[in-house]
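The values are calculated or read from the model by the stated rules, or taken from the named source; none is laboratory data. Bear in mind the structure is a predicted one, so any value in this text is a computation, not a measurement. Note: ideal-geometry Cβ built from the backbone for every residue, glycine included; neighbour counts use all protein chains shown. The protein model used for the area step is the full one, side chains on, heavy atoms only, and it has no ligands, DNA or RNA in it. Shrake-Rupley method; radii C 1.70, N 1.55, O 1.52, S 1.80 Å.
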Amino acid sequence: ADQRGSMRNLFLELWPLRRVFAPPGLFSEPPEEAEAPPIRLQAMMRFRPGKHGPVVDTTNMALPFHQRLNILKSEQPELSHVQAMQIVMKEQAESGKSELPAQILGVTPGPNGSALTMSPGTGLRTFNLDHVFPSTTTQADIFASTGLPTAWEFLNGTNGAVIVYGQTGSGKTHTMFGPPPPVQPAQRGLAGNVADFILNGVEERRRT
């Protein structure tokens with residue numbers, strides 16, 4: 001072990017000197033890379049209008065173990081970690097409460113909005129987003145907040161992408177393309193609105 005350590009130290013000492021006696025130009029330095037343009041990512045959430053399931057009574061539901069443990073330790077900081085675990089385990093054995101159902105408890109719409117969720121194994125979790133669109137949001141509002149800035153940047157030479165993500169039936173196709181044809185202008189989704197804006201912008205620039 002001592003020999004390996006001494007050899008490592010010797011290597012680190014000699015490595016900066018590896019080019020001292022080399023002929024000039026023998027080692028080509030890698031070209032300096034141009035600074036990459038900044039990448040701006042935004043995460044937004046849209047709630048689909050329609051019928052929602054019944055609100056589940058959470059009176060007899062229990063938070064996950066780690067969240068109950070953190071709450072207890074914040075309320076009683078004098079407890080050691082082991083003591084807090086023993087108390088929570090005892091309460092869990094005596095309560096007989098079941099796991100929490102997955103549901104959304106609260107929404108703060110608008111720019112820099114958030115959603116408070118609850119799910120088994122995770123418990124309470126807040127998702128902070130760049131924008132939260134309530135279920136009353138129109139297709140035009142979605143385009144103005146998401147597609148329009150990206151389309152403007154694209155016309156000015158900056159790449160952009162709008163990606164919709166969600167579970168089956170969450171409204172991805174409606175947001176991107178709108179309802180099945182015939183589609184009214186106010187019902188058109190992001191794809192149509194962005195394409196229309198870019199093509200009109202290109203045509204305007206050709207004229208000028």
Accessible surface, region 132-176, averaged per residue in Å² (probe 1.4 Å): 62 Å²
Fraction of accessible area attributable to carbon and sulfur, region 129-208 (%, probe 1.4 Å): 58 percent
Additional length obtainable on full extension of the chain from Q42 to R207, 0.36 nm per residue less Cα span: 56.1 nm
Order of exposure, largest accessible area first, which applies to F154, F177 with probe 1.4 Å: F177, F154
K73 accessible area, 1.4 Å probe, all protein chains in place, Å² to nearest 10: 70 Å²
Relative packing of peptides 40-47, 7-14 - highest average C-beta neighbours within 10 Å first: 40-47, 7-14
Estimated FRET transfer efficiency (T126, R8; beta-carbon r; R0 45 Å; 0.05): 0.45
Ranking by accessible area, most exposed first, for M89, M176 with a 1.4 Å probe: M89, M176
Peptides 74-86, 186-198, 125-137 ordered by average Cβ neighbours within 10 Å, highest first: 186-198, 125-137, 74-86
